[in-house]
Structures are given as structure tokens and as C-alpha cells.
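Throughout, read-outs are computed from the coordinates displayed, never taken from laboratory work. Every value quoted in this text rests on a predicted model; they were computed, and no experiment measured them. Cβ placement follows ideal geometry from the backbone for every residue including glycine, while neighbour counts extend to all protein chains displayed.
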Amino acid sequence: MMMFGKHTLGFNLKITLFLFIALIPIQLFSSKIPGEIFLGELDDYSLVESEFEINNDSEESKTINFYSLCDCLEVTPKNRVIEAGETVKFKVTLEPEGYTTMSRHVLYDYNGERATIKFYANLPEPPAEVLSSGCLGCKENERELEEIGTANYLKEKWVILDIYYSPGCTTCEKFINQDIPIIQKDLGLQISVVKHNVLEKSEIDSLMRRLESFQVELKEFPIVIVNSNVIQGTDVNIEYFKEKYNETKATNVKNSEFKESLEYLKPLPIFLAGLLDGVNPCAFTTLLFLISSLFYIGKGKKEILHVGIIFSVTIFASYYLVGLGLLNAIRAANYFKIISDIIKYVIILVLVVLSFLSFYDALLAKKGSVKEMKLQLPKSIKKRIHNVIKTNTRTRGLILGTIIIGVMVTIFELTCTGQVYLPIIAYIIKIEGNISSYLYLTLYNFGFIIPLLIVFTTVYKGTTNDKLISWFQSRIVLIKALLGLLFLSMIIFLII
């Protein structure tokens, strides 16, 4: 039986506290823009004015743009840069119409994150003079929002157009006041116009930074920027705008179709990483020692198969719980951008080192210097694992002993298998969408235990421990090279 000193106990308490904090729902640390705002119980149909706040608790400035689907609802200012740590008040004005309950939506774009805010109020029974079917244009927009879904509406229907010009520009005023309404009608769009006065230094500086990011040279004013298109001077007209918009839309459709085809491949690296980590020398040598110990104490093939199933299930459950804690911890860290960036670049740096050492180990293994490999469990941890296996295969019941071995092996091997696990969890957080991250974790750990189940099955069918050792030693160069490639691919996944 293993004895635990006060230092080990203190370490375990720290780990427990860490996992407890990591598992706290991330919503407790988040402050999001509200999805709906209740304007109250109104006594009459007079104009309603209210306020709401948005706090930017990130480390960088953010820009927000609002667009109302109805003339009866207005949010001001319509666009605003919110500095890091700043809280800004926005005014909302609602002109009630003939409804007992009235709701209207405002679209917003917060640094690329798009959603809607629903404003609603309860009104008294409308008198005859205000009784109406409501604004038909508003109703049509609201109905379309409901029919095609908020996400599609925000993606396909709403366009934010930035125009850089100087006051008194007749071309600009004509484009804004006459051309844009025609474009909206012809293309079926809702266009938010954000005006920028280039006589102000901050605006011209902002323009130059944007043009530099698009790798476009400043030629003449006015300048219209919509999506990734820059339109300048005499090109600012209905025909050219439509042409550029339709070109971009066609390109976006192709890109979207290509991305959708890649969606099916996203889980593949997770499964392959689990599979490869399952034959990682750290994990595989422990497995071989376990089987050797079982043979030594005279366990039969059937008993070894039972041990294998219990051991694999325990390993799966233990690694899954560890992954769950790491998953929530990294998610919580991602909420704070500076911490998120530090974690990302530290993981990338570690992966570069691990990739180099894996290829170096492959060269050493090819020369026959397996004992000199760099990426392997320290001798002290190997000794502990061997002691755990010896103790629990000889002095305890088969089931309890195997469960204890599985849990302890998980803890001791994390210094080695965690080299793959931690970057994969960072990748899971990056790609999670329609498929839950918990399913991705399941996929990884399922891949991890497949080699274990295969080995125990082959032993049951008659394969000796010597044959398994021979098979593993003949493939250690390939395994190390594949691990190196895996680490390189993880770097690419984390960067792009």
C-alpha cells in the first residue's frame, strides 16, 4: 500500500481545488450584451426613452455598430469605439404602435461578433386613433428575421458600410441618400452606413491602417469599405458597388462550401492524436510491464483479458476527467485575452521543442540508442508505476487492484501523455461548434484506449509478451517520427 506524506497530500488538495475552479461554469465570469431588454409597463403611447450599458472588460478597444429593423426603434449612438475597460451608455427610443405587447429587434456587430437585441414593452389597450396594423416594413423585416433565422439574417442580409469623405462632398451625399436605398431594395440588404470625416486626424489615421491591412493604396476620396472591398473615387456608384458585392458573395459561397466540406475532417486529428498517444512509448512500456507482471504471477489469458477491459475503462474515465478539468481551465483563461495569448504561445513554444525532440528520439532509436531518448518517463516515475503495478496485482482483488493501477498510471503518466493531451484540448476549444467539446474529448480518449484493447485481445488469442516487445521495438522509430509530425500539425492548427 502506498503511503502519502503531508507534501503529497498538499499537492493533491491543490489539484482538487484547481479542478473545482476549472469546472465552475464559465458563464459566471462572462458579461455579454443582453439578448433582450424589457422597457416596462407603459401607461400610454407616448415616446419611450431608456438607456442600457455595454462594458468592454477586455484588454483592447472594440467597435460596436447598431442597425434597427424598424424606424420606430432607434439606438444612439449607432456606432461607437469602446476603449478597454470603458463602460458606455446607449440611448434607446421606441415609438409605440397599436399593440398590447410590442417587440422590435436591433442588429449589432461587436468587433465581428453579430447578434440581435430584442426590445419589448407592454402597452395598454390601444385607443381607436392609434389602432393600426403597425408599420408594414417593420413587420416584413421582423418576419424575415424569424423565417430565415437570426444567424443567417445577420450573415446574409446585414452589411456595414464605412464611407470616408469630407463634409460638403456631393458625390458622397448622393451615394448615401439616393444610391444606398436603391442598392438595399435591389439586393435585398439592410445597410448600416458609418460616416468618417477625413478632416479629423483620428479618422484619417484609422483609414490608413485599414488600407494597409488590405494592401490597398490611397488614390482618391470618397472611399467606401464594405466587407473586404475598397471602392474609391468615381467607382463609388450603384453599378460598381453591385458588381463588387456580387463578386464577393460568389467567392464567399465557394469558400463556405469548401469550409463545410472540411468540417467533416475536423474530428480526424483528435482521433488520430488519441490513437498515436495510445502507442506513445511512455504509455506502451507501462502496458507491457503490466502484462509481464500478470504473466509472472500466473494469471491466465481470460483473467488478463478481464484485467485489460477494466484497465482500459479506468484509463478512459480517468483521462476524460483530467481532460474535462483542463478544458474548463483553458476556457476560463481564454476569457482574459492576455492570459489566453500567453497560454497559446507557451503551448506553441513547447510543441516546437517536443517536435524537435521527437525527431531527435527517432534518430536515436534508429541508431539503437533507445535508452538515450529524451522524451520518456523519468526513472523515478517509472519506478513508482512499477511498484503500483506489483503491489496491486499481487495483494488486492483483481477488479479493485486494476482500478487503482489505472488511476495511478493516469496520474504518473500525465508528464508524458500530457504533451499530446494539452495541445489537443486547446485545438478542441478552437474548433468546437455544432459538435460538443465533450464529444471530442470522448473521441480522443476512445482513440487512446484502442491500442490497449487490441494488445489485451492479442494476448488473449495467444500472443506472448516477448512478441509484443519485439513488435513495439521494431516500430519505435516510426512512432517517434509520427509524434513529431503530430506536434508540427498541432502548431499549424493553433496558428491558423
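Peptides 205-216, 279-290, 172-183 ranked from most to least packed give 279-290, 172-183, 205-216, packing being the mean of other C-beta atoms within 10 angstrom over each peptide's residues. For a test of the definition: using alpha carbon positions, the gyration tensor, and the 1.5 limit on a/c, classify segment 264-495 as rounded, prolate or oblate. It is prolate, given that a/c is not under 1.5 and a/b is the larger ratio.
As a proxy for reagent exposure, ranking E36, E125 by other Cβ atoms within 10 Å from fewest up yields E125, E36. Karplus-derived 3J(HN,Hα) values for segment 359-376, using 6.51 cos²θ - 1.76 cosθ + 1.60 with θ = phi - 60°, are 5, 5, 4, 4, 5, 4, 5, 5, 7, x, 9, 4, 5, 8, 4, 7, 8, 8 Hz; glycine and proline are entered as x.
Given K195/K242; K266/K366; K118/K430; K301/K366; K62/K344, which pairs have Cα atoms separated by over 24 Å? In this structure, K266/K366; K118/K430; K301/K366 exceed 24 Å between Cα atoms. Average 1/r across all pairs of distinct alpha carbons in segment 353-403, invert it, and you get the Kirkwood radius: 13.1 Å.
Within a 10 angstrom radius of the beta carbon, how do S192, S292, S46 rank from fewest other beta carbons to most?
Sorted ascending by nearby Cβ count, the order is S46, S292, S192.
Can you bin segment 158-259 into rounded, prolate or oblate? Criterion: square roots of the alpha carbon gyration tensor eigenvalues sorted a ≥ b ≥ c, rounded for a/c under 1.5, prolate for a/b above b/c, oblate for the rest. The shape class here is oblate. Database remark: amide H of W158 closer than 5 angstrom to the amide H of Q190 (H placed geometrically; neighbours at sequence offset of 5 or more, or on other chains; Pro and chain starts carry no H). To the nearest 0.05, what FRET efficiency results for E49 and T251 with a Förster distance of 41 Å applied to their C-beta separation? That gives a FRET efficiency of 0.45. When Lys and Arg each count +1 and Asp and Glu each count -1, what net charge do the other residues less than 12 Å away from T458, Cβ to Cβ, add up to? Summing Lys/Arg as +1 and Asp/Glu as -1 gives +3.
A simple rule links phi to the HN-Hα coupling: the Karplus curve 6.51 cos²θ - 1.76 cosθ + 1.60 with θ = phi - 60°, which for segment 190-207 gives 10, 10, 8, 9, 10, 8, 10, 7, 6, 7, 8, 4, 4, 6, 5, 5, 4, 4 Hz, with x for Gly and Pro. Of the trypsin sites (Lys or Arg not before Pro) found in segment 409-486, those that fall in a DSSP loop while having at most 11 other beta-carbon atoms within 10 Å are K461.
Counting beta carbons within 10 Å around each of K266, K249 and listing the fewest first gives the order K249, K266. A simple rule links phi to the HN-Hα coupling: the Karplus curve 6.51 cos²θ - 1.76 cosθ + 1.60 with θ = phi - 60°, which for segment 439-448 gives 5, 4, 4, 4, 4, 4, 6, 5, x, 5 Hz, with x for Gly and Pro.
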